[in-house]
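Notes follow once the structure below has been shown.
The values are calculated or read from the model by the stated rules, or taken from the named source; none is laboratory data. None of the values given here were measured: they were computed from a predicted structure. All Cβ positions, glycine included, derive from the backbone under ideal geometry; neighbour counts span all protein chains shown. To get the accessible areas, we keep the full protein, side chains included, count just its heavy atoms, and leave off ligands, DNA and RNA. Shrake-Rupley method; radii C 1.70, N 1.55, O 1.52, S 1.80 Å.
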Amino acid sequence: MQFVEFISQLLDSKEQAIVWHNQTMSYAEHKALDKYQDEIAELYDGLVESVSGIYGRPKNYSVGTLQNYTSNEAVQAYFKELYTLIQKERKTIYQDTWVQNQIDEIAQLIAKTLYLLTLK
């Protein structure tokens with residue numbers, strides 16, 4: 001996976017969180033998704049800007065299809081799949097420790113969001 005594909009997935013996750021944030025009827029889920037969308041925006045921006053300083057600006061972003069809210073289980077499955085993707089694909093992009101540290105922060109946010117999504 002190229003870096004631009006990796007960050008496109010993160011950008012998609014922010015947009016997906018916004019959609020579900022606006023559609024859920026659960027207050028706990030609403031707050032968890034709100035927190036995720038705010039924090040991923042900062043982490044995403046930091047990763048893209050720092051990588052761009054060394055490796056150049058990413059080009060050819062792709063946009064995924066957003067899903068409507070169906071259930072908390074579907075939201076959790078999405079974030080589990082995203083976590084697995086991040087952990088797998090991080091091995092295929094820049095291996096600088098500072099890049100990997102930023103990816104660690106993103107993985108931590110996803111894991112924390114998964115926990116928050118279990119609350120009622």
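Some values worked out for this structure:
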read-out: Label zone at Ser50 (point 7 Å along Cα-to-Cβ), backbone N below 20 Å, the stretch 77-99; value: 83, 86-99
read-out: Heavy atoms of Met1: accessible area, 1.4 Å probe, square angstrom to 10; value: 70
read-out: MRE, 222 nm, helices only [DSSP H, n ≥ 4, -39500 (n - 2.57), over the chain, to nearest 500]; value: -25500 deg cm²/dmol
read-out: Potential lengthening between Lys14 and Lys80 on full extension [0.36 nm per residue; Cα-Cα distance subtracted]; value: 22.3 nm
read-out: Pair-distance profile P(r), taking every C-alpha pair of the stretch 13-120, with 10 angstrom steps and integer %; value: 13, 46, 30, 10, 0
read-out: Solvent exposure, largest accessible area first (probe 1.4 Å, DNA, RNA and ligands not counted), of Glu5, Glu73; value: Glu73, Glu5
read-out: Cα-projected label distance for Arg57 with Met1, points at 7 Å along beta-carbon direction, nm; value: 2.4
read-out: Euclidean distance of C-alpha centroids, the stretch 1-44 and the stretch 62-120, integer Å; value: 9
read-out: Apportionment of accessible area to carbon and sulfur, the chain, percent (1.4 Å); value: 52
read-out: Calculated FRET value between Thr65 and Gln100, using beta carbons and R₀ = 25 Å, to 0.05; value: 0.30
